[in-house]
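These notes concern the structure reproduced below.
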Amino acid sequence: MKEVKIETTLQVYDDINELPKAIQNLMTTAIEARENAYAPYSKFNVGAAILLDNSIVVIGSNQENACFPSGLCAERTAIFYAGAKYPKAKILKMAITASSQNQITNKPIPPCGACRQSIAEYEIKQDQPIEIYFMGAEGKVVKSNSLANLLPLLFESSVL
Ligand code: THU
């Protein structure tokens, strides 16, 4: 038996103002997208904004359903739309923000495991890393240079 250690490196910004201007703008778009969340059940609004290499920004927000599993996260709403509408474009960056309707969300909210798996698929498809930035409603913003940093041991197609 041998032990395997998996490490990851992330960057942490104090708040949105510390981000480079272009990322601030992308995060602001994600914050605006969050307003369109349909989250009557969880009361947890999430917004995502994706910058493509054709300069187009695609947004998404979580869309819930009375049949809970039929809803979808903000990140997948956005990335599936990007894939459907601009299949040839590369995804450069994704900004994510989440805000509870019940309390102040002041810690960074990372994408859920299912969203990481979905984002990873596009990162592999385009053979180019996707930068991920995530925050709560306020406070620190975490940056990952690549989705792969957030999902070690991902399931990928070579095993199929
Ligand atoms: N949610 C997202 O939109 N993205 C995530 O990465 C985590 C969770 C949504 C799904 C559901 O509508 C609500 O947040 C609570 O789980």
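Would you confirm, using the coordinates I've provided, whether Ser99 is open to solvent by less than 20 Å² (accessible area, probe 1.4 Å), of a type in the set (Ser, Thr, Tyr) and touching a strand residue (DSSP E or B) at 6+ places or on another chain (Cβ under 7 Å)? Considered against the rule, which asks whether it is open to solvent by less than 20 Å² (accessible area, probe 1.4 Å), of a type in the set (Ser, Thr, Tyr) and touching a strand residue (DSSP E or B) at 6+ places or on another chain (Cβ under 7 Å), Ser99 comes out as no. Between Tyr122, Tyr133, the distinction of being surrounded by 20 or more Cβ atoms within 10 Å (Cβ to Cβ) and at pLDDT 95 or above belongs to Tyr133 only. Contact map, the stretch 24-49: residues that are under 14 Å from Thr105 (Cα atoms) and outside any helix (DSSP H, G or I) paired with residues that are at pLDDT below 95 and within 15 Å of the ligand (Cβ to nearest atom), Cβ distance under 8 Å, separation 6+ or inter-chain. No pairs are found.
Selection of first residues in the stretch 74-103 that are touching a residue at least 24 places away in the same chain (Cβ under 8 Å) and within 14 Å of Asn54 (Cβ to Cβ) and of second residues that are among the charged types (D, E, K, R) and not in a strand (DSSP E or B), restricted to Cβ pairs under 6 Å at least 6 apart or on distinct chains, gives the following pairs, ordered by first then second residue: Ala89/Asp53; Lys90/Asp53; Leu92/Asp53. Restricting Phe80, Phe134, Phe155 to residues that are within 14 Å of the ligand (Cβ to nearest atom), aromatic (Phe, Trp, Tyr) and over 17 Å from Ala22 (Cα atoms) narrows the list to Phe80. Against the test of being closer than 20 Å to Leu150 by Cα and open to solvent by less than 70 Å² (accessible area, probe 1.4 Å), the options Ile50, Ile16, Ile31 yield a single qualifying residue, Ile50. Just one of the listed residues (Leu150, Leu160) is touching a residue at least 40 places away in the same chain (Cβ under 8 Å) and farther than 23 Å from Gln63 by Cα, namely Leu150.
The values are calculated or read from the model by the stated rules, or taken from the named source; none is laboratory data. Just so it is clear, the structure is predicted and the values come from calculations on it, not from any experiment. Neighbour counts run over all protein chains shown; Cβ positions are idealised from the backbone, glycine included. Note: accessible area is taken over every heavy atom of the protein model, side chains too, but ligands, DNA and RNA are not part of it. Shrake-Rupley method; radii C 1.70, N 1.55, O 1.52, S 1.80 Å.
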